[in-house]
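No lab work stands behind these numbers, since they all come straight from the coordinates. Computed from a predicted model, the values in this text were never measured in an experiment. Virtual Cβ from ideal backbone geometry, glycine too; neighbours counted across all protein chains shown.
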Amino acid sequence: MSFIKRTEEYVTKVINECGYEIDNVALEPSSRRDLGEFQINACMMLAKKYGVNPRELAEKIISHFDDRFLNVNIAGPGFINMSFNEKYLVEYFNESINNFDNLIDKQEEKTIIVDYGGANAAKALHVGHMRTANIGESLKRLAKALGNKVIGDVHLGDLGRQSGMVISEIKKRKPELCYFDPNYKGEYPKLEITPEELAVYYPTASAAAKEDPERMEEVRKITALVDEGKEPYFGMWKDIVEVSRKTIKETYDYLNCNFDLWEGELSSLKYIEPTLEILKPYMYESDGAQVIDVKKDDDKVDIPPLIVIKNDGSTIYATRDLATIYNRVKTYDPDEIWYVVDVRQGMYFEQVFRASYKSGLVRSDVNLAHYWNGTMNGKDGKPFKTRDGGVLELNSLLNQVKNELYKKLEKYTDENEKKDILDILTVATVKYADLLPYRTTDYIFDIEKFCSFDGKTGPYILYTMVRINSILEKAKINECNINKIYSGTERSIYIKLLEISRMLEKSYNEKTLSYICEYLFEVCSLFNKFYGETNILNESDESKKINYISMLKLIYNTCKELLDILAIKIPNKM
Ligand code: ARG
């Protein structure tokens, strides 16, 4: 349990023992640092409740405090300001050097499914896919770090127009294949297709179908057959998805996005029937389609009915999301399902959630939530595009960043070491830049800024980590002992570390990683200040040196855990 929380429990106990009832007193970083490091603001509220003078009440409370606080004073109408006694601080941090859990507060365990990534099979990942993958991965890790049971699912977009596109392209290029022979009587073999072929098939077919209505009609027909599960197309499509999934996984792996489940629209088909069974009493016909009303009396905008079955009898994106919910509830009994998906699907998820609650597909106490993200824009403020106006593939963006960083690494390492470092650094650069803005804020992709070794960037954070690590290696001190704080900067570092639990709680409550990014920057800046002021390795006082080194270990270990939540690795060298 965090130091702040322990202290809050202590203060609550003291106040209760003074005869005032209060559930939970909050300790806030002081707004008047000259008066103390932390403050308690509860006295005003309590005084009102008990009809007493707030300053007198505060006096009474502080007279019962033990020696854990220093310089306790009362300001204004009854703010209690104080600092912590060093003895207790060092003891706590000494216990925390290799114990991140001692710095944070765990939550009551919940089961959470995080639906993120959402790549579409047979299509390349483009830049728009990156942020939901990064945010989803990190929210998953954050929820896990705070003690929840979390399951990440990519929810692959593996049904839809792209099946018809790719198969029509195969038909065009290889009409001799048995799948296209109406007289073929044997068993259909596994479709042979390479990732390279797949990469060109979809864009080629898509461009051709746009120009040619006949081709589009063929695509539509094949898509419908796949959706209905008709062979040989359904089997071909499954083989295509398998190849595509491997390619998609490579990019996600590169970004340290690891999904527990690779379910998707295709795998949800098996649950359509029981799902419709549950939805049936709430569905009615409208223009030939089967829909569910989801509007509520107090809606400020018009929420149209959710289409569950199209007028041609086929299922759609929504049907598969509902079937997926059915399976998730049945298999995992989750307390929450988070959808980290583009803002443009906001209305859609509202409809799906309402239909799910209304029909009893999920219990009302299960939290279905859409945590959408802002977009990454180009310098013109519009969604990032290639020079000719097309959508930029995610791999090209990653390569651009890699090339920029390559130039900077030239002076640091030799060619062999460079490759590994470069990959770690590339991922850190894009992830930090992607997670630093508040989740719902758009941001501008500025490659020079993001790759800089100065400022709020991935490279700056990693550079600091590598610096700490190199000092630790040179020092060769195994003994850990924090028993004294020597300078104001050191004290600022420790006080900053006290804020970690509150910071993580805020990140979790608002589902944004921005606070963690900011926090890492603050800790690194404080460390670099300390580094500039202190000759750590040449310190002749052995016990002082052990204190320094132990603090460095504490900082390194703590930041490593936070970087792990951001899914950023630390290189050994840089
Ligand atoms: N594949 C979808 C898309 O590209 C995103 C999937 C989001 N998740 C979901 N359960 N619908 O728009």
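What the table below lists for this structure:
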{"read-out": "Extreme residue, positive dipole direction of the range 282-344, given options Y332, I303, V343 (C-beta unit charges)", "value": "Y332"}
{"read-out": "Sum of side-chain charges, S63 neighbourhood, beta-carbon under 14 Å (Lys, Arg +1; Asp, Glu -1)", "value": "-3"}
{"read-out": "Label-point separation, D454 to Y284 (7 Å along Cα→Cβ), nm", "value": "6.7"}
{"read-out": "Theoretical ellipticity at 222 nm over the chain - DSSP helices of four or more residues, -39500 (n - 2.57) apiece, nearest 500", "value": "-16500 deg cm²/dmol"}
{"read-out": "For the chain, fraction of C-alpha pairs farther apart than 40 Å, in %", "value": "40"}
{"read-out": "FRET E, pair A207, K382, Förster distance 30 Å, beta-carbon r, rounded to 0.05", "value": "0.85"}
{"read-out": "Relative packing of 145-153, 334-342, which averages over residues the other C-beta atoms within 10 Å, highest first", "value": "334-342, 145-153"}
{"read-out": "Rg/Rg_ref, the range 382-446, where Rg_ref = 2.2 N^0.38 Å and atoms are Cα", "value": "1.28"}
{"read-out": "5 angstrom amide H check on H370, placed H, neighbours 5+ away", "value": "Y339"}
{"read-out": "Cross-link pairs beyond the 26 Å C-alpha cut-off, checked among K529/K560; K144/K418; K144/K270; K379/K560; K5/K330; K87/K573", "value": "K144/K418; K144/K270; K379/K560; K5/K330; K87/K573"}
{"read-out": "Ordering of 421-429, 288-296 by burial proxy (mean other Cβ atoms within 10 Å per residue, highest first)", "value": "421-429, 288-296"}
{"read-out": "Principal axis dimensions, the range 39-156 - Cα atoms, whole angstrom, descending", "value": "71, 37, 27"}
{"read-out": "Cα extents of the range 404-545 along the three principal axes, largest first (Å)", "value": "49, 44, 23"}
{"read-out": "Folded to 0 to 90 degrees: helix 213-227 orientation relative to the chain principal axis, Cα", "value": "70"}
{"read-out": "Entries of K221/K310; K140/K246; K48/K300 with Cα pairs more than 27 Å apart", "value": "K48/K300"}
{"read-out": "Net dipole in debye of the range 39-97 [+1 Lys, Arg Cβ; -1 Asp, Glu Cβ; about Cα centre; nearest 20]", "value": "380"}
{"read-out": "Protection-proxy order for peptides 18-29, 78-89, 115-126, 545-556, each taking the mean of Cβ atoms within 10 Å per residue, highest first", "value": "115-126, 545-556, 78-89, 18-29"}
{"read-out": "Other-chain or far-sequence residues with amide H under 5 Å of V114's (modelled H)", "value": "I151, G152, D153, W338"}
{"read-out": "Unit Cα scatterers, Debye sum, the range 187-306: log10 I(q)/I(0) for q = 0.11, 0.12, 0.13, 0.18 Å⁻¹", "value": "-0.64, -0.75, -0.86, -1.15"}
{"read-out": "Span from the the range 360-419 Cα centroid across to the the range 473-526 one, whole angstrom", "value": "27"}
{"read-out": "Semi-axis lengths, Å, the range 300-455, gyration tensor of Cα atoms, sqrt of 5 times eigenvalues", "value": "41, 19, 15"}
